[in-house]
Amino acid sequence: MECMRKRIGLIFSVLAVLCFLSFQKKPQQDLKASMERGKEIYQLNCISCHMEQGEGLEGIFPPIAKSDYMLADKKRAIQQTLYGVSGSMTVNGVTYNGEMNAFDLTDDQMSDLMNYIFNSFGNAQGVISPADVKAARKK
């Protein structure tokens, strides 16, 4: 009987520990590492239009540095980067009427790119996770 009590006690202890661990916060994405990967993607795909410091070319390519348009809606920014965008938009008081091609990036790559953009060039917008990108994808 004593052996049975010890086993039951051990089982309850293990279950309690597992339950406790399952409610612990999952580690946050390493923003610094994500931004480094995102910088490489930016340099390959974005720098020719949005420039090295995200300043764009006034009237031609909108800035992403301190961009009121981009920072106003993260989901829209993700979608426009994924699927492209064309037509008129006003960024920091200047109207742009152009086209940006879509980018064929995985959720992880898009997360890295957006983390770089959203946390560089004077922007401080926090972490965009791969799950955020997945949720922003059109169904």
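The values are calculated or read from the model by the stated rules, or taken from the named source; none is laboratory data. Computed from a predicted model, the values in this text were never measured in an experiment. Methodologically, a virtual Cβ is constructed for each residue, glycine included, from the backbone with ideal geometry; neighbour enumeration extends over all protein chains shown.
Listing for the model above:
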read-out	value
Contacts under 9 angstrom Cβ, first residue in segment 23-36 being at pLDDT 95 or above, partner surrounded by 10 or more Cβ atoms within 10 Å (Cβ to Cβ) and of a type in the set (D, E, K, R), 6 or more apart	A33/D112; S34/D108; S34/D112; M35/D112; E36/D112
Where a residue in segment 125-136 is touching a residue at least 40 places away in the same chain (Cβ under 8 Å) and within 9 Å of I78 (Cα to Cα) and its partner, wherever it lies, is crowded, with 16+ Cβ neighbours inside 10 Å and charged (D, E, K, R), with Cβ under 7 Å and at least six apart	V133/D107
Selection within segment 105-121 - without any contact (Cβ under 8 Å) to a residue 60 or more places away in the chain and either more than 17 Å from Y83 (Cα to Cα) or in contact with an Asp or Glu (Cβ under 8 Å, 6 or more places away or on another chain) (or both)	F118
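For every residue, the table says whether it meets (1) more than 8 Å from the chain's Cα centre (by Cα); (2) surrounded by 14 or more Cβ atoms within 10 Å (Cβ to Cβ); (3) modelled with pLDDT of 95 or more; (4) under 16 Å from G56 (Cα atoms).
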residue	(1), (2), (3), (4)
G98	yes, yes, no, yes
T106	yes, no, yes, no
Q109	yes, yes, yes, no
N115	no, yes, yes, no
N119	yes, yes, yes, no
Q125	yes, yes, no, no
A131	yes, no, yes, no
